[in-house]
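Undergrad: Can you keep this structure in mind? I'll have questions shortly.
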């Protein structure tokens, strides 16, 4: 190749990089791309939210558009979970649940659960090995609490259908939580973020409810005691412990209604900036050594990181009335906002470390390329190309803001003992529902109130539901 043609090629490379910079810098974050779907869902417009999610499916995956309206077919589509598809399965499952299709929601949640399990990362080498790209370029691995919450949603959805699979789902919540807490990730490097997580009471509480339902009061008491240990002071759980210990699960001649309230707009991730900390720098240095067997001079500059944004914090409990008479109120069993904030904070040193590794690799590549082109007397091209690559390592890099945005801010619960008959149950913030109460039988009501300042929807399980008379 002639010197003139080589020079022209080098100039084209440099020009292409410069022209690409505004496009790379202007790419919207995931939280921005999904803003419309999130707004529709928060407004309780579940069908419209699902329509927005389906448009994202068409853009993000190779799924056949014909299957998008059929959750069972979508859940079996081999392309449904690719890339960010697994996150869209979770979002679509929540929209389906809000629209009253618990069966479809279960199909979508199951597929998402299985895909997230296959992506669960427990090895620092795997974690660092993908550091060359922005985290958002990787298939969505799920936040650790996503792995727990998808099982919670499976259990609650199944209870609406009669609870045939609710027991194994409830056991899976606790099993997955213990797997995460027992993770060896980061142990050899001296900082294991998952060992800083708190245990969540929701799995143990649901296990207690389901054991009590089958009159396994010893097992129920043990589960409720674990829930009390994890949750701390909580009147609902304390009463459950006493009830199971007494050996009298329900007063004679009465039936039980369990109310679960998914309320508020849950946490989402937005882009923020963090300065490298001593711990993050040390972890990055150890990780680089692990991969290359040699150290590296890390680029010490602020990096873009995900930050938890909370909209509905400290949601008040909801009064409950039966046949127009106040009887109880809901109690918070799980504060999703707090869990998201605590887990992200625990992982922040590793998040920053990965960004430092990525930026250092890019800076090293830019320096090498500039030196290589300089040796070929391409000083102008060398400068432009190196500047472009340095830009890619700073302004064009985006934080990974992917998150399951339709999760609630809180999960609240209540337990009522009622006389038999058809009872009108009204949870504040949701339309009244009619529940058929049978002595010794347990009924379940799920309230989904996406905005605590707007009315939500309420659903009764199939065995206790009273269908309205046909006109």
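Undergrad: Among the residues of the stretch 415-422, is any in a strand (DSSP E or B), at pLDDT 65 or above, exposed (fewer than 15 other Cβ atoms within 10 Å of the Cβ) and more than 35 Å from the chain's Cα centre (by Cα)?
TA: If we filter the stretch 415-422 for residues that are in a strand (DSSP E or B), which is where we start, we get 415-418, 421-422.
The next check asks that each one be at pLDDT 65 or above; those that pass are 415-418, 421-422.
Applying the additional criterion that residues be exposed (fewer than 15 other Cβ atoms within 10 Å of the Cβ) yields 421-422.
Cutting the leftovers down to more than 35 Å from the chain's Cα centre (by Cα) gives us 421-422.
Yes, because at least one residue in the stretch 415-422 is in a strand (DSSP E or B), at pLDDT 65 or above, exposed (fewer than 15 other Cβ atoms within 10 Å of the Cβ) and more than 35 Å from the chain's Cα centre (by Cα).
Undergrad: Among the residues of the stretch 34-55, count how many are farther than 15 Å from residue 86 by Cα and not in a loop (DSSP other than H, G, I, E, B).
TA: Taking the stretch 34-55 and keeping what is farther than 15 Å from residue 86 by Cα, we get 35-49, 51-52.
Subsequent filtering for residues that are not in a loop (DSSP other than H, G, I, E, B) retains 35-42, 46-49, 51-52.
Of the residues in that region, 14 qualify.
Undergrad: If you don't mind, there's one more thing I want to ask. Can you pull out every residue in the stretch 214-224 that is surrounded by fewer than 17 Cβ atoms within 10 Å (Cβ to Cβ) and either under 27 Å from the mean Cα position of the chain (by Cα) or modelled with pLDDT under 95 (or both)?
TA: 214, 215
Undergrad: Assess whether residue 58 counts as being part of a helix (DSSP H, G or I) and at pLDDT 95 or above. Break it down stepwise before answering.
TA: On the way: part of a helix (DSSP H, G or I): yes; at pLDDT 95 or above: no.
Against the criterion (part of a helix (DSSP H, G or I) and at pLDDT 95 or above), residue 58 does not qualify.
Undergrad: Then there's this: So residue 50 clears everything in (1) at pLDDT below 95; (2) under 19 Å from the mean Cα position of the chain (by Cα) except one condition, right? Which one?
TA: Failing condition for residue 50: (1).
Undergrad: Anything in the stretch 444-466 that is in contact with a strand residue (DSSP E or B) (Cβ under 9 Å, 6 or more places away or on another chain) and more than 30 Å from residue 267 (Cα to Cα)? List them, or say none.
TA: Residues satisfying the conditions are 463, 464, 465, 466.
Undergrad: May I pose another question? Kindly provide the set of residues from the stretch 86-112 that are in contact (Cβ under 8 Å) with a residue 40 or more places away in the chain, under 15 Å from the mean Cα position of the chain (by Cα) and surrounded by 24 or more Cβ atoms within 10 Å (Cβ to Cβ), ordered by number. Don't jump to the end; show me each part of the working.
TA: Taking the stretch 86-112 and keeping what is in contact (Cβ under 8 Å) with a residue 40 or more places away in the chain, we get 86-87, 90-100, 102-103, 105-106, 109-110.
Filter once more, keeping what is under 15 Å from the mean Cα position of the chain (by Cα): 86-87, 90-95, 109-110.
86, 87, 90, 91, 92, 93, 94, 95, 109 - these are the residues of the stretch 86-112 that are in contact (Cβ under 8 Å) with a residue 40 or more places away in the chain, under 15 Å from the mean Cα position of the chain (by Cα) and surrounded by 24 or more Cβ atoms within 10 Å (Cβ to Cβ).
Undergrad: Continuing with the same structure: Would you check if there is a residue in the stretch 232-240 being touching a residue at least 60 places away in the same chain (Cβ under 8 Å), within 30 Å of residue 307 (Cα to Cα), in contact with a helix residue (DSSP H, G or I) (Cβ under 8 Å, 6 or more places away or on another chain) and surrounded by 17 or more Cβ atoms within 10 Å (Cβ to Cβ)?
TA: In the first step, residues of the stretch 232-240 are kept if they are touching a residue at least 60 places away in the same chain (Cβ under 8 Å); the result is 234-237, 239-240.
Applying the additional criterion that residues be within 30 Å of residue 307 (Cα to Cα) yields 234.
From the residues that got through so far, the ones that are in contact with a helix residue (DSSP H, G or I) (Cβ under 8 Å, 6 or more places away or on another chain) too are 234.
Then keep just the ones that are surrounded by 17 or more Cβ atoms within 10 Å (Cβ to Cβ); that gives 234.
Yes, the conditions are met somewhere in the stretch 232-240.
Undergrad: Please give the number of the condition residue 188 fails out of (1) buried (at least 19 other Cβ atoms within 10 Å of the Cβ); (2) modelled with pLDDT under 95.
TA: Result: residue 188 passes all but (1).
Undergrad: For residue 124, all conditions in the list (1) modelled with pLDDT of 95 or more; (2) in contact with a helix residue (DSSP H, G or I) (Cβ under 8 Å, 6 or more places away or on another chain) hold save one; what is the number of the exception?
TA: Here residue 124 clears every test but (1).
Undergrad: Can you give me the number of residues within the stretch 426-466 that are under 21 Å from residue 45 (Cα atoms), outside any loop (DSSP other than H, G, I, E, B) and either free of Cβ contacts under 8 Å to residues at least 24 places away in the same chain or over 24 Å from the mean Cα position of the chain (by Cα) (or both)? Can you show your working first?
TA: So in the stretch 426-466, the residues under 21 Å from residue 45 (Cα atoms) come out as 427-433, 445-460.
Still in the running and outside any loop (DSSP other than H, G, I, E, B): 427, 433, 445-449, 457-460.
After this cut, where a residue has to be either free of Cβ contacts under 8 Å to residues at least 24 places away in the same chain or over 24 Å from the mean Cα position of the chain (by Cα) (or both) as well, the list is 427, 433, 460.
Here the count works out to 3.
Listed here are the residues, each with its yes/no results for (1) part of a helix (DSSP H, G or I); (2) more than 28 Å from the chain's Cα centre (by Cα); (3) closer than 18 Å to residue 167 by Cβ.
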{"site": "199", "(1), (2), (3)": "no, no, no"}
{"site": "209", "(1), (2), (3)": "yes, no, yes"}
{"site": "212", "(1), (2), (3)": "yes, yes, yes"}
{"site": "226", "(1), (2), (3)": "yes, no, yes"}
{"site": "230", "(1), (2), (3)": "yes, no, no"}
{"site": "238", "(1), (2), (3)": "yes, yes, no"}
{"site": "250", "(1), (2), (3)": "no, yes, no"}
{"site": "253", "(1), (2), (3)": "no, yes, no"}
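Undergrad: Within the stretch 232-254, count every residue that is within 20 Å of residue 411 (Cα to Cα) and modelled with pLDDT of 95 or more. Steps first, answer last, please.
TA: Just the residues of the stretch 232-254 that are within 20 Å of residue 411 (Cα to Cα), to begin with: 232-241.
Among the residues that remain, those that are also modelled with pLDDT of 95 or more are: 234-241.
So the answer is 8.
Undergrad: Moving on to the next point. Only one of 396, 386 is assigned to a loop (DSSP other than H, G, I, E, B), farther than 27 Å from residue 204 by Cβ, more than 23 Å from the chain's Cα centre (by Cα) and at pLDDT below 95. Can you tell me which? Break it down into steps so the answer makes sense when it comes.
TA: Details: 386 fails: assigned to a loop (DSSP other than H, G, I, E, B).
Answer to the selection: 396.
Yes/no per residue for (1) modelled with pLDDT of 75 or more; (2) buried (at least 21 other Cβ atoms within 10 Å of the Cβ); (3) in contact with a helix residue (DSSP H, G or I) (Cβ under 6 Å, 6 or more places away or on another chain); (4) not in a loop (DSSP other than H, G, I, E, B):
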site	(1), (2), (3), (4)
256	yes, yes, no, yes
259	yes, yes, no, yes
266	yes, yes, yes, no
272	yes, no, no, yes
280	yes, yes, yes, yes
286	no, no, no, yes
291	no, no, yes, yes
295	no, no, yes, no
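Undergrad: Which residue, of 37, 58, is exposed (fewer than 15 other Cβ atoms within 10 Å of the Cβ) and either touching a helix residue (DSSP H, G or I) at 6+ places or on another chain (Cβ under 8 Å) or on the phi > 0 side of the Ramachandran plot (or both)? Spell out how you get there, then give the answer.
TA: Values: 37 fails: exposed (fewer than 15 other Cβ atoms within 10 Å of the Cβ).
That would be 58, the only listed residue that is exposed (fewer than 15 other Cβ atoms within 10 Å of the Cβ) and either touching a helix residue (DSSP H, G or I) at 6+ places or on another chain (Cβ under 8 Å) or on the phi > 0 side of the Ramachandran plot (or both).
The values are calculated or read from the model by the stated rules, or taken from the named source; none is laboratory data. Source: prediction; values computed, not measured. Note that we place each Cβ from the backbone using ideal geometry, even for glycine, and neighbour counts take in every protein chain shown.
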